[in-house]
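The values are calculated or read from the model by the stated rules, or taken from the named source; none is laboratory data. All of these numbers come straight from a predicted model, not from anything done at the bench. Note that each Cβ is placed from the backbone with ideal geometry, even for glycine, and that neighbours are counted across all protein chains shown. To get the accessible areas, we keep the full protein, side chains included, count just its heavy atoms, and leave off ligands, DNA and RNA. Shrake-Rupley method; radii C 1.70, N 1.55, O 1.52, S 1.80 Å.
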Amino acid sequence: MTTATTRTTRTPPARTGDDRAGSAPPAAAPGLPSLTGLRWVAALLVFGLHVNNFGYFGGEPGRLVLWGFGAGATGVSFFFVLSGFVLTWSARPHDRAPAFWRRRIARVYPVHLVTLGLALLMAHTLPRQPRPTSGQALSNLLLVHSWWRPWWQTLNPVSWSLACEAFFYAAFPLLFLLLRRLGPRGATALGVLSVAAVLVLARADAHHWTEQALYSMPAARLPEFVLGAVTARLVQLGRWRGPGLEASLALAVIGYFLVPQVTPGYSATVCTIAGFALLIPAAAVADLRGLPSLWRRRRLVRLGELSFAFYMIHLLVLRAGTQLLGNKPHFGLLAGLAVTAVAFTVSLALAWVLYEAVERPARRLLLRRRGAGRPSLERPEPVPGVRETVAPARD
């Protein structure tokens, strides 16, 4: 999951008529706090989906939860698009790939390592929990488990999106170099190709043209990341011509509620990709121009800072809760709200602990060596902000 700083600016992006590949944004990119706030909303959708999957609500309340959060998995698609946007926004023209990769590891791996350890502890101490094989544990540790379907949801299931992010990080230096050489028109063409790739992959997944489902395949999710990178590049160059924040939000919401009309799985991406690809740059432009934005409110931004840790811990909390509540208890409205509130509060509290005791200090420790002044593909971050994706994180 990627991070941009939370300070705001009222300076609009510079406009340029130069389509040459050499056009480059300023080295110090302004902060985009609205993206941090939006990240929390995406994490909350994923939480709601899992509350639905764990069957906390029965009867009519259960149907309402399904209606509201049945498409919550699309929050992961939002993370992927956001990750591409934020990494491109904060990148510098002459950064070194090894330094970028080191920063990415420092951002996501400490929390992943801790939650992986908790998942292993739960698997070996709690009854009725599946115990992973050594291959499953090792693939989780190395963030390659999403490449093979039988391993993709073992241990801490949400970490499958981190395996996708690891692949995106590996590809980003080449993608960033390509975007700088293409210029605005070439970047737009790459964005169109990315959308076309999503459409083709969705059809392939729906009609089972491949043996493995594409939903969790890192290579299949790459077009979403690329599309986010393209929109960031266009905003940087003053060439973004998308609708404003309100219209983009409306399109994203409409796409979200269209998801039940398509085949489950990768096909949901088709419904939401346009709305997400418009909403993220619209929120960025609102921050740059000082336009009104609900998403940059201080409390929402703070929650966005905790969103990666919340995303990584909440499913473990829900899984531990089955020891007390049983499997799919289907409570009534009041009881369902009560257990959901408890699960949410515990998850948020643990997310705060992970953020303050693991994520921030581990990042400082890992980046302390080898002079912080050396260039990297992501500028140093003085204050926490937008997190990329997991993954389903992140940043």
Collect the residues in the range 85-129 that are within 30 Å of L174 (Cα to Cα) and either open to solvent by 50 Å² or more (accessible area, probe 1.4 Å) or among the polar types (S, T, N, Q) (or both), keeping them in residue-number order.
T88, S90, R92, H94, R96, P98, W101, R102, I105, Y109, L113
Is one or more of the residues making up the range 221-241 touching a Cys at 6+ places or on another chain (Cβ under 6 Å), within 26 Å of F176 (Cα to Cα) and modelled with pLDDT of 95 or more?
yes
Only one of G31, G22 is at pLDDT below 95 and either within 21 Å of the chain's Cα centre (by Cα) or open to solvent by less than 10 Å² (accessible area, probe 1.4 Å) (or both), namely G31
Of the residues in the range 66-93, how many are among the aliphatic types (A, V, I, L, M) and at pLDDT below 95?
1
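For (1) closer than 16 Å to A232 by Cβ; (2) assigned to a helix (DSSP H, G or I); (3) β-branched (V, I, T), each residue gets a yes or a no:
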site	(1), (2), (3)
Y169	yes, yes, no
L179	yes, yes, no
L190	yes, yes, no
A197	no, yes, no
V200	no, yes, yes
E211	no, no, no
Note down all Cβ pairs under 6 Å where the first residue falls in the range 186-215 and is more than 14 Å from V230 (Cα to Cα), the second is open to solvent by 30 Å² or more (accessible area, probe 1.4 Å) and basic (K, R), and they're at least six residues apart or on different chains.
Q212/R149
Which members of the range 242-259 meet the condition of being more than 15 Å from L288 (Cα to Cα) and modelled with pLDDT under 95?
none
Mind listing whichever residues of the range 130-140 are at pLDDT 95 or above and open to solvent by 60 Å² or more (accessible area, probe 1.4 Å)?
L138
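Kindly indicate the residue of the range 34-73 that is of a type in the set (V, I, T) and open to solvent by 10 Å² or more (accessible area, probe 1.4 Å) and also nearest to L258 (Cα to Cα) among those meeting that condition. Step through it out loud before you land on a result.
Within the range 34-73, the first condition is being of a type in the set (V, I, T), and the residues that meet it are 36, 41, 46, 51, 65.
Still in the running and open to solvent by 10 Å² or more (accessible area, probe 1.4 Å): 41, 65.
Numbers: V41: 18, V65: 16 Å.
So, considering only residues that are of a type in the set (V, I, T) and open to solvent by 10 Å² or more (accessible area, probe 1.4 Å), the one nearest to L258 (Cα to Cα) is V65.
Just for helices (runs of 4 or more DSSP H) wholly inside the range 235-346: which have at least 2 residues that are more than 23 Å from V81 (Cβ to Cβ), of a type in the set (D, E, K, R) and open to solvent by 30 Å² or more (accessible area, probe 1.4 Å)?
On the way: elements: 245-258, 268-288, 298-325.
In the range 235-346, 298-325 are the helices (runs of 4 or more DSSP H) which contain 2 or more residues that are more than 23 Å from V81 (Cβ to Cβ), of a type in the set (D, E, K, R) and open to solvent by 30 Å² or more (accessible area, probe 1.4 Å).
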Index of the failed condition, L143 passing every other in (1) in a helix (DSSP H, G or I); (2) modelled with pLDDT of 95 or more; (3) open to solvent by less than 30 Å² (accessible area, probe 1.4 Å):
(1)
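On the given criteria, is V353 open to solvent by 30 Å² or more (accessible area, probe 1.4 Å), at negative phi, at pLDDT 95 or above and touching a Gly at 6+ places or on another chain (Cβ under 9 Å)?
Details: open to solvent by 30 Å² or more (accessible area, probe 1.4 Å): yes; at negative phi: yes; at pLDDT 95 or above: yes; touching a Gly at 6+ places or on another chain (Cβ under 9 Å): no.
Here the answer is no, as V353 does not meet what is asked.
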